[in-house]
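Asks: Just passing along the structure, written as structure tokens.
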Amino acid sequence: MTHFDLHHGDCIAGLRQLPDACVDLVVTSPPYNLGIAYSQFDDTANRDEYLAWSQQWATEAKRVLKPNGSFFLNIGASPANPFLPHELVLALRPLFVLQNTIHWIKSITIETRDGQEISAGHFKPINSPRFLTDCHEYVFHLTHDARVPVDRLAVGVEYADKSNIARWKHTREDGLRDRRCRGNNWFIPYRTIKSRDDDRPHPATFPVELAARCIRLHGLRDGLVMLDPFLGIGHSARAAKECGVAKFIGFEIDGGYLDEARARLAEMENDLFTNTAP
């Protein structure tokens, strides 16, 4: 059972109350400073203010992260602000090393060998004579020294060509498992919803599976402690529970979003007991 330690308040002040090197894993998606209509937070700071604020909370995240910890930072862009993800990760360069760059693909169209086009996923279309519709975001995997081992096969996929199972050295050493590295392009579509107000009452969520995949990539182990400084309605917390993380710490400045997160976690708890009842 995951122990949840959820706090209503500013994450910088909250993080300063945590001891050094107490967290194994950080998975978060801060405000993007793209003018998103949050319930209470003003998402329209100027560039320098936003980057300075990001350095403040990231400095505390670094302090609480263990030497072998992982920090997964989800950030997106917009046609009006395309440099934002890159500016943010460069602003954090004095604090962390960029170990992996993951591309979260929300929607994609592929052409099969027989020439058929197949589209999957969801995206927010834009009507523009200049810009393409943006169907992906970044997940930056940041660490202290870029030497943190990860469990690549925990988020791996089966081989399409089964002859490759015995062909490659790493699969032979792993007992000929039908599993290979997924790579850094992760197709994770949003779940189809009926009502945004009921199903997704937050303007900038990521899928639970995105956070769960980050957890599994870092590696599940006993006593794992996970942190999300920007909890929102709790998708990272739900992922922590699904993966069996021992302890989850979250901060959320908006009381309404925090109440929603707690309610959704309570629903998971009720479902768990319902499904496991004799």
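The values are calculated or read from the model by the stated rules, or taken from the named source; none is laboratory data. Model, not experiment: these values are computed from the prediction. Neighbour counts are summed over all protein chains in view; Cβ atoms, including those assigned to glycine, are modelled from backbone coordinates with ideal geometry. Keep in mind that these areas ignore ligands, DNA and RNA; they rest on the heavy atoms of the full protein, side chains included. Shrake-Rupley method; radii C 1.70, N 1.55, O 1.52, S 1.80 Å.
Asks: Once phi is turned into ³J(HN,Hα) by the Karplus curve 6.51 cos²θ - 1.76 cosθ + 1.60 with θ = phi - 60°, what whole-Hz value does each residue of the stretch 14-31 show in order, with x for glycine and proline?
Replies: Here the 3J(HN,Hα) series is x, 4, 5, 8, 8, x, 5, 6, 10, 10, 8, 8, 10, 10, 7, 9, x, x Hz.
Asks: Now for a different question. Karplus couplings for the stretch 104-121 from phi (6.51 cos²θ - 1.76 cosθ + 1.60, θ = phi - 60°), rounded to Hz, Gly and Pro as x?
Replies: Coupling constants for the stretch 104-121: 7, 8, 8, 8, 8, 10, 10, 10, 6, 5, 8, x, 7, 8, 10, 10, 9, x Hz.
Asks: With a length cut of 18 Å (Cα positions projected on each helix's long axis) and a Kyte-Doolittle mean of at least -1.0, go through the chain and give me the DSSP H helices that pass.
Replies: 255-276
Asks: Per residue, how much accessible area does the chain have with a 1.4 Å probe, in Å²?
Replies: I get 54 Å² per residue for this part.
Asks: What does the highest-first list of 234-244, 18-28 look like by mean Cβ count within 10 Å?
Replies: Order by mean packing, descending: 234-244, 18-28.
Asks: Using alpha-carbon pairs under 8 Å, 6+ residues apart, how would you state the relative contact order of the chain in percent?
Replies: 26
Asks: Any idea what log10 I(q)/I(0) is at q = 0.12, 0.15, 0.19 Å⁻¹ for the stretch 1-99, Debye with uniform C-alpha scatterers and no solvent?
Replies: -0.43, -0.67, -1.05
Asks: When a/c reaches 1.5 or more, the comparison of a/b and b/c decides; with that in mind, is the stretch 85-190 rounded, prolate or oblate per its Cα gyration tensor?
Replies: Oblate, because a/c is 1.5 or more while a/b does not exceed b/c.
Asks: On to the next question. Give, to the nearest whole percent, the P(r) tail of the stretch 21-168 beyond 17 angstrom, counting all Cα pairs.
Replies: For the stretch 21-168, the share of Cα pairs beyond 17 Å comes to 71 percent.
Asks: Something else: Which entries of LYS66/LYS241; LYS62/LYS124; LYS62/LYS241; LYS162/LYS247 show an alpha-carbon separation above 30 angstrom in the structure shown?
Replies: The answer is LYS62/LYS124; LYS162/LYS247.
Asks: Where the convex hull is taken over the Cα atoms of the chain, what is its projected area averaged over directions, in nm²?
Replies: Answer in nm², one decimal: 18.2.
Asks: Still on this structure, please answer the following. Can you tell which of PRO125, PRO229, PRO189 shows the greatest fluctuation in a Gaussian network model of the chain with Cα springs below 10 Å?
Replies: PRO125
Asks: A further question on this structure: Tell me the mean residue ellipticity at 222 nm calculated for the chain from its helices only (DSSP H runs of n ≥ 4, each -39500 (n - 2.57), averaged over every residue, nearest 500).
Replies: For the chain, the value works out to -9000 deg cm²/dmol.
Asks: Quick query: amide H of PHE230 versus all other amide H atoms, modeled in the peptide plane; which residues come in under 5 Å with a sequence gap of 5 or more or a different chain?
Replies: The list, which skips near neighbours in sequence, is SER29, PHE251.
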